[in-house]
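To keep things clear, I will list the structure first and then write my remarks on it.
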Amino acid sequence: DGAATRGRENVNANNATEFCADRPSDRSCAAAADDFGRRCRLRLELSSATLSFVLATSLRTTILAPLMRMQSEKQSPLSPLVDGMDSIAGEMERYSHGVWEDAARRSNVMGNEGDRSSSFTGHRDPPEIDLNVPVPCERDAARLFLLERKIAQEPHSNDNLNGVISTTDYDAGEGAGTSGNFCRLRDIITRRLLVEYVRAHYDEEFDLATHPLILRNAWPPESFDEGNIRRLTPKSILNDPQLSDLLLPNFFSDATKTGYDALVPDEDQIALSQFVKGILSGRTPNAKIGTQVIVERIPELRDEIVPPSLARELFGWTTWLDDWKKSAKEWLGPTVGGWIDKLPDMSAYPVFIASKRRRAAEKSSSGNAHHPRTDLHNEPIGNVASQLHGTRRWTLVPAKWSGLLRPAVSKRRGYFYSDMD
């Protein structure tokens with residue numbers, strides 16, 4: 001049917017072309033020609049904007065970044081050159097942003113300037129899936145079970161009558177209304193089943209590489225009970241000698257700031273226990289850390305972030321190179337093994353800790369009284385964020401909207417940030 005439809009469209013297009021060739025003054029033909037011209041101009045503008053952004057990105061990463069690292073002080077002879085090239089790259093980025101936003105307004109994807117917060121069309125919340133829901137243990141049966149029902153975010157007594165399941169509908173060891181035992185979804189989920197389920201119930205165009213997704217209860221809820229030992233909690237950090245004495249190379253003393261500077265940490269060193277005590281006591285309510293040092297020094301902590309089997313199945317996570325580097329360093333000794341560290345890691349594990357508390361009637365140095373935050377940005381690698389303690393408000397954006405967030409390449413670090421107020 002699809003091939004036949006495309007065939008009819010091609011025939012109609014050819015007939016219309018022949019008709020307009022014989023009657024160039026016909027109004028419908030003139031309108032079609034104008035529309036074709038607008039489309040061509042739009043494609044050229046968008047192509048030039050994309051090329052400009054690519055060139056600006058290349059300028060920042062291949063030329064500007066090395067020059068900035070060569071600068072030893074502000075009055076370096078390289079400063080005028082660096083500043084001039086940075087200004088050129090900024091103008092190229094702003095040109096790209098303007099073209100992309102203008103195209104979005106003309107196509108009614110975005111409203112007029114100044115009305116950005118409520119102007120995006122086609123917005124939908126990211127899918128939320130509770131991995132603690134009970135499903136049949138047999139994978140084919142679980143697939144049919146999930147495709148026929150949508151997982152509820154809040155338990156309801158009549159969910160099954162409406163084709164919805166929640167964590168309270170079944171006991172994990174019993175199959176109510178279905179033959180066989182029930183397991184938790186996290187124990188049988190596969191990447192293929194996850195994508196198929198989301199496409200069936202949320203978005204038929206869903207792709208893990210380009211669409212945000214929220215997975216709740218990746219860990220069993222009972223694993224966070226008081227009796228279970230988890231080292232990546234404020235209490236455990238203070239009581240663990242290995243963690244409490246860990247020296248961090250930098251931190252954010254005021255994480256309520258906004259803009260590019262808000263993504264660049266201070267230079268001061270601080271012990272991890274000292275930092276945690278500061279935010280718990282309220283002495284430094286605006287402080288934040290985002291560091292890879294914790295997991296780099298204590299690699300076994302990575303198994304507390306996301307269940308390893310789940311990470312391997314859903315996200316292709318692997319640690320073979322990191323494990324090999326560790327073994328090679330131990331075998332070769334510190335002198336030769338130190339060179340192993342020059343090999344890049346396959347994964348990075350930055351740990352973020354901050355307070356959600358805010359001081360009343362006190363403003364931070366940035367002029368606002370908001371709680372600590374991280375401005376909108378994305379890393380140049382695939383991201384899986386795992387929240388292990390407390391609460392945090394997240395802003396997740398599908399990749400297709402990236403061009404409308406005024407992306408810019410970091411000047412000194414490896415990420416893109418949103419250059420929006």
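For MET92, MET110, give me the order by solvent-accessible area with a 1.4 Å probe, most accessible first, ignoring ligands, DNA and RNA. Intermediate values should be presented prior to the final figure.
Numbers: MET92 45, MET110 10 Å².
Ranked list, largest accessible area first: MET92, MET110.
For ILE289, ILE340, ILE381, what's the largest-to-smallest order of accessible area, 1.4 Å probe?
Values: ILE289 0, ILE340 20, ILE381 100 Å².
From most accessible down to least: ILE381, ILE340, ILE289.
How long is the gain from GLU204 to ARG230 if the chain were fully straight, where each residue apart is worth 0.36 nm and the alpha carbon distance is subtracted? Provide the component values of the computation, followed by the final result.
Details: separation 26, 0.36 × 26 = 9.36 nm, distance 3.80 nm.
Stretched fully, the GLU204-ARG230 segment lengthens by 5.6 nm.
What nm value, rounded to one decimal, do you get for the distance between TRP339 and ARG139 when each label is placed 7 Å out toward the C-beta?
4.3 nm
Taking R0 as 25 Å, what's the FRET efficiency between ASP35 and SER58 from their Cβ-Cβ distance, rounded to 0.05? Mind showing how you got there, number by number?
Working: r = 35 Å, r/R0 = 1.39.
Plugging the Cβ-Cβ distance into 1/(1 + (r/R0)^6) gives 0.10.
Please report the relative contact order for region 215-366, taking Cα pairs under 8 Å with a sequence separation of at least 6, and give it as a percent rounded to a whole number. It would help to have the intermediate numbers written out before the result.
Numbers: 168 pairs, mean separation 40.4, N = 152.
Relative contact order here is 27 percent.
Rounded, prolate or oblate: which fits region 247-330 when a ≥ b ≥ c are the square roots of the eigenvalues of the alpha-carbon gyration tensor, with rounded for a/c under 1.5 and prolate only if a/b beats b/c?
Working: a/c = 2.22, a/b = 1.90, b/c = 1.17.
Prolate shape, in that a/c is at least 1.5 and a/b is the bigger ratio.
Say the cut-off is 25 Å between C-alpha atoms; which of LYS257/LYS277; LYS329/LYS411; LYS277/LYS326; LYS288/LYS329 go over it?
Details: LYS257/LYS277 22 Å; LYS329/LYS411 33 Å; LYS277/LYS326 32 Å; LYS288/LYS329 32 Å.
Cα-Cα > 25 Å for LYS329/LYS411; LYS277/LYS326; LYS288/LYS329; rest within.
Which FRET efficiency value, to the nearest 0.05, do you get for ASN250 and SER79 by plugging their Cβ-Cβ distance into 1/(1 + (r/R0)^6) with R0 = 22 Å? Mind showing how you got there, number by number?
Working: r = 23 Å, r/R0 = 1.06.
That pair, ASN250 with SER79, gives E of 0.40.
Compute the Cα gyration tensor for region 202-283, then decide on rounded, prolate or oblate, letting a ≥ b ≥ c be the square roots of its eigenvalues: rounded whenever a/c is under 1.5, prolate when a/b is larger than b/c in the other cases, and oblate in all that remain.
oblate
Taking region 37-108, which GluC sites (Glu not before Pro) meet the DSSP loop condition and have no more than 15 other C-beta atoms within 10 Å? Show your work: numbers first, answer last.
Working: sites: GLU45, GLU73, GLU91, GLU93, GLU101; in loops: GLU73.
Here the sparse-neighbourhood loop sites are GLU73.
Any chance you could run the full-extension gain for HIS389 through ARG192? It's 0.36 nm times the residue separation minus the Cα-Cα distance, nm to one decimal.
Working: separation 197, 0.36 × 197 = 70.92 nm, distance 2.91 nm.
Gain on stretching HIS389 to ARG192: 68.0 nm.
The values are calculated or read from the model by the stated rules, or taken from the named source; none is laboratory data. What you see is a predicted model; the values in this text were computed from it and never measured. So basically every Cβ, Gly included, is an ideal-geometry build from the backbone, and we count neighbours across all protein chains shown. For accessibility, only protein heavy atoms count, side chains too; no ligands or nucleic acids. Shrake-Rupley method; radii C 1.70, N 1.55, O 1.52, S 1.80 Å.
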